[in-house]
Amino acid sequence: QLRLVESGGGLVQPGGSLRLACTASVTLNYYSLAWFRQAPGKEREAVSCISRPGKITNYLDFVKGRFTISRDNDKNTFYLQMNNLKSEDTAVYYCATLREPCSSWPHVSGGNWGQGTQVIVSS
């Protein structure tokens with residue numbers, strides 16, 4: 001079974017940056033990948049998706065232009081670079097493999113899930 005472990009969360013001021021990483025126990029070559037988040041009092045939402053070759057990406061409208069998803073299959077790792085963070089970005093972020101291709105965006109669902117990493121954007 002594929003295991004995913006997130007890292008890189010923490011506390012940051014508005015306008016700051018964080019880079020989340022998700023490392024897998026085995027190769028990620030076969031998977032479309034995504035980041036999800038769940039803010040307090042809100043449902044979990046898909047933040048970004050990246051295709052298997054890494055050429056196609058999708059983003060939640062609110063994070064477009066601020067977040068960048070990328071992957072490094074040689075390291076069994078993918079990332080979410082988050083710039084110009086806003087208080088509304090505060091959430092627990094989860095990495096996941098997808099059951100569907102990124103072409104299904106935003107109607108995607110996770111297959112394998114990481115444990116989650118907390119991101120708090122506050123002054």
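The values are calculated or read from the model by the stated rules, or taken from the named source; none is laboratory data. Just so it is clear, the model here is predicted, and its values are computed rather than measured. In this analysis, Cβ positions are derived from the backbone assuming ideal geometry, glycine residues included, and neighbour counts consider all displayed protein chains. Heavy atoms of the whole protein, side chains included, go into the accessibility calculation; ligands, DNA and RNA do not. Shrake-Rupley method; radii C 1.70, N 1.55, O 1.52, S 1.80 Å.
Contact order, relative form, for region 25-90: 27 percent (alpha carbon pairs under 8 Å, 6 or more residues apart, mean separation divided by residue count). Close amide H pairs (under 5 Å, H built 1.01 Å from N) link N112 with T97, residues at least 5 positions away or on another chain. Solvent-accessible area per residue in the chain equals 53 Å², computed with a 1.4 angstrom probe and all protein chains kept.
Between E100 and S109, the built amide H atoms are under 5 Å apart, and every one of these is 5 or more places off in sequence or on another chain. Across region 110-119, coupling constants 3J(HN,Hα) worked out from phi with the 6.51/-1.76/1.60 Karplus curve, θ = phi - 60°, read x, x, 9, 10, x, 7, x, 9, 7, 10 Hz, and Gly and Pro carry x. Distance between the modelled labels on E45 and Q115, one decimal in nanometres: 2.7 nm (7 Å Cα→Cβ projection).
Taken along the Cα-to-beta-carbon direction at a fixed 7 Å, the label points for K64 and S87 span 2.5 nm.
Shown for the chain: the carbon plus sulfur share of the solvent-accessible area, taken with all protein chains present and a 1.4 angstrom probe, equals 45%.
If the segment from K55 to Q38 were pulled out straight at 0.36 nm per residue, it would be longer than the present Cα-Cα gap by 3.5 nm. Ranked from largest, the principal axis spans of the Cα set of the chain equal 40, 25, 25 Å. For K86, the residues 5 or more places off, or on other chains, whose built amide H falls under 5 Å of its own are G15. Of the DSSP beta bridges with both residues in the chain, give the percent that are antiparallel, rounding to the nearest 5. Rounded to the nearest five, the antiparallel share is 90 percent. Contact order, relative form, for the chain: 35 percent (alpha carbon pairs under 8 Å, 6 or more residues apart, mean separation divided by residue count). Largest first, the residues V63, V12 sort by 1.4 Å accessible area into V12, V63.
Computed from phi, the 3J(HN,Hα) profile of region 70-81 under the Karplus parametrisation 6.51, -1.76, 1.60 (θ = phi - 60°) reads 8, 9, 9, 5, 5, 9, 6, 9, 9, 9, 9, 7 Hz, with x in place of Gly and Pro.
Considering only L28, L11, L85, the mean-square fluctuation computed in a Gaussian network model of the chain, springs between alpha carbons under 10 angstrom, is largest for L11.
Shown here for region 1-110: trypsin sites (Lys or Arg not before Pro) in loop regions (DSSP other than H, G, I, E, B) with at most 14 other Cβ atoms within 10 Å, namely R3, K42, R44, K55, K64, K86, R99. Between L11 and N73, the contour length at 0.36 nm per residue exceeds the Cα-Cα span by 19.5 nm. Loop-located chymotrypsin sites (Phe, Trp or Tyr not before Pro) in region 7-53 (DSSP state other than H, G, I, E, B) with a sparse environment of at most 14 neighbouring Cβ atoms within 10 Å: Y30.
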